[in-house]
Amino acid sequence: MFPSIFARSWVPFSTFASPAAEFAAIEQHEYIDRRRTLAARLRDDISDEKARRPLVIVIASARQQFYAPDVPYPYRESSYFRYLTGLVQPKSVLTIVDRHNEWPQSILYVTKKTAAEELWEGPGQSLATIAAISGVDEVRDVGLLGEDLEKIGSAIASYDTEQFRRGDCVFDVLSPCGQILPLRQYIDKVRWVKSPSEQNLMRKTCEVGAKSMNAMISKCLGIENENEVVGRLELEMRRRGASYPAYPPVVAGGTRANTIHYLDANQKLNEDDCVLVDAGCEYKGYISDITRVFPVAGSFTSAQRALYEALLYVHKELLRIVETVRPLTLNQLYVEMINELGKNLYELNIFSGELDGQQLIHEVDKLCPHHVSHYLGMDVHDTATVSRNTPVVPGVVFTVEPGIYIRTNDNTVKKEFRGIGMRIEDDILITKDGCEVLTQQCLSGSHEIERLMRPY
C-alpha cells in the first residue's frame, strides 16, 4: 500500500523496553484489550461453517491531505486507528489476525521517514516507542503487508471499505474473501462505552473547553468581528493544553446564528447582536463540544433574554431527565426537547397567531430542526453507527443541545423575536448513579454571562 522505506525484517515486541510512565494517559494493556475485544466481537458473528478460518482485521492510519504541493493540512489521525493503537503514525497499517482458539496477533506495518522527510518534518517515533505505546506483537515494514496477507490464505476479513479501494493490496487480497464483516460498526460498539481512563480524558478536554469558552467570553465586550472571536477562542484553548480546535468553530453573529453550521466567521458584529459560539477542543485525542451565546454589548435585550431564559429552562429540564430517567435513549430525549420547547415558547407567547397542539409541535420542529444529542468521544460525532434508540449505560458520553432559530422572514413569530438564533450545549457522562455534566464549569446563566463580560 505504501512504498517500502527500510529493511524488511521482523521486529518482535520482546526486544523493546516496557512502556514508560510518559505513555500513561491510556496504558498499553488497554490497547491490547481493545484489540482482543474487537476480535472477539467479530468472531462471534462468523457463520458456523467458517468458524475455523482465520479472521483478519485491517485498519490504516489517516491519509495526509494537502493544501498545495508540499503544503500539508494539520494531520489528524484516524480515530479508529488511534483507538486501537494509541498512535499518531501516518502511512501505517494495523492488522489483527485471530486464528481459531488462539490469542489474536497484532502486527503494525509502518513507514520509516526518509532522510529528507526527517530534515523537513523532524524525526518520527522510534520503533521501540511505537511498540511500547501500542503493545503490538510485532512491527514490520509496510512494504510487506500484501505478501503477509496473501500467506494467511482463505480468511474472514474485516476492513474499512472507505479506506481501501481497488489497487490497494488490502482490497485486492481481501475482497475475494467469502465473508467480509463491516469494521466501523464493530469498533463503534467497543468505543461507545468509555473506559475509566477515557472518562478522565473526557473530563480534561471538557474542562479545557469550558474554561476557554469562559475566558473568551470575558474578553469579547464590544468585539467587532466574528473572526476575532475565533482567534481569541483558539488562543485560550491552546494555552490550556489543547492540541487544536476539535472542529471548525461556529461563530455566528445576529441572524447568521440561524444557519446552524455557519462556518465563515468573517462578518462585522453589531452592538445589539448576540453571538452563538459552538466550539470544542481536542486533548490527547478526545473531543469537547460546547455551545454558548453572549451579547456583544454585554447585556441581553428584553427579547433576547426572554428567548434565552426559555431555552435555558428547557436545557436544565433535559439535564434533569438525563439524571433521573432510566431507561433513556437519545431519541427519547429529542421528544422531550420538542415537548418542553413547545410548552415554554407557547407560555412566552412568541407566536403571531393561535396554534393547536399539532400546529405547535410543527412550529417547534421548524424552530429547532436538529436532534438534541449525539455521542461524543474521539470524534465530535462519535460512534455514528450506534443507534440513538440504544438505551444509554454508564460510560456513555453525549451532548445535550436544544436550540431555537427564528429567521427574519418567519411571520409565524412576533416581530421582536425574529432574527434570533440560540443554542446551549453541554457534554454529559452517564454514571451508575445518574450523570456528570462534564462542561459544568462553562457558565450558562444569562446574568452569569453578563457578569463575565462586565465584572465591575
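The values are calculated or read from the model by the stated rules, or taken from the named source; none is laboratory data. A quick note: this is a predicted structure, and the numbers were derived from the prediction, not measured. Neighbour counts run over all protein chains shown; Cβ positions are idealised from the backbone, glycine included.
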Looking at (1) among the hydrophobic types (A, V, I, L, M, F, W, C); (2) in contact with a strand residue (DSSP E or B) (Cβ under 8 Å, 6 or more places away or on another chain); (3) buried (at least 22 other Cβ atoms within 10 Å of the Cβ); (4) farther than 30 Å from SER61 by Cα, can you tell me which one VAL314 breaks?
(2)
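Out of GLY377, GLY357, GLY342, report the one residue that is out of contact with any Phe, Trp or Tyr (no Cβ under 8 Å at 6 or more places or on another chain) and surrounded by 16 or more Cβ atoms within 10 Å (Cβ to Cβ). Steps first, answer last, please.
Numbers: GLY377 fails: out of contact with any Phe, Trp or Tyr (no Cβ under 8 Å at 6 or more places or on another chain); GLY357 fails: surrounded by 16 or more Cβ atoms within 10 Å (Cβ to Cβ).
Selected residue: GLY342, the only one of GLY377, GLY357, GLY342 that is out of contact with any Phe, Trp or Tyr (no Cβ under 8 Å at 6 or more places or on another chain) and surrounded by 16 or more Cβ atoms within 10 Å (Cβ to Cβ).
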Does VAL97 satisfy the condition of being buried (at least 16 other Cβ atoms within 10 Å of the Cβ), in contact (Cβ under 8 Å) with a residue 12 or more places away in the chain and in contact with a Phe, Trp or Tyr (Cβ under 9 Å, 6 or more places away or on another chain)?
no
Return the pair list, or none, for Cβ contacts closer than 6 Å from residues in segment 301-313 that are over 13 Å from ILE424 (Cα atoms) to residues that are of a type in the set (Asp, Glu), at least 6 apart or on different chains.
ALA303/GLU416
Cβ pairs under 8 Å, 6+ apart, first in segment 321-339 and farther than 18 Å from ILE404 by Cα, second in a helix (DSSP H, G or I)
ILE321/LEU333; ILE321/GLU336; VAL322/LEU333; VAL325/GLN332; LEU328/ILE321; LEU328/VAL322
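Please enumerate the residues belonging to segment 395-425 that are assigned to a loop (DSSP other than H, G, I, E, B) and under 25 Å from ASP379 (Cβ atoms). If you could, list the steps in order and put the result at the bottom.
Within segment 395-425, the first condition is being assigned to a loop (DSSP other than H, G, I, E, B), and the residues that meet it are 395-396, 401-402, 406-412, 414, 418-420, 424.
Matches in segment 395-425: GLY395, VAL396, GLU401, PRO402, ILE424.
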Is it the case that segment 362-370 has a residue that's buried (at least 19 other Cβ atoms within 10 Å of the Cβ), of a type in the set (Val, Ile, Thr) and either in contact with a helix residue (DSSP H, G or I) (Cβ under 7 Å, 6 or more places away or on another chain) or outside the structural domain of ALA279 (by TED's automatic domain parsing) (or both)?
yes
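If you take just the strands (runs of 3 or more DSSP E) that sit entirely in segment 248-351, which of them hold at least 2 residues that are at pLDDT 95 or above, farther than 21 Å from LYS219 by Cβ and under 24 Å from the mean Cα position of the chain (by Cα)? Outline the logic, then answer.
On the way: elements: 250-253, 274-279, 281-283, 290-295.
So the answer is 281-283.
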Conditions: (1) in a loop (DSSP other than H, G, I, E, B); (2) among the hydrophobic types (A, V, I, L, M, F, W, C); (3) under 28 Å from the mean Cα position of the chain (by Cα). ILE428 meets all but one. Number of the miss?
(1)
Assuming LEU145 fulfils every condition listed in (1) out of contact with any Cys (no Cβ under 9 Å at 6 or more places or on another chain); (2) in a helix (DSSP H, G or I) apart from one, which condition is it?
(1)
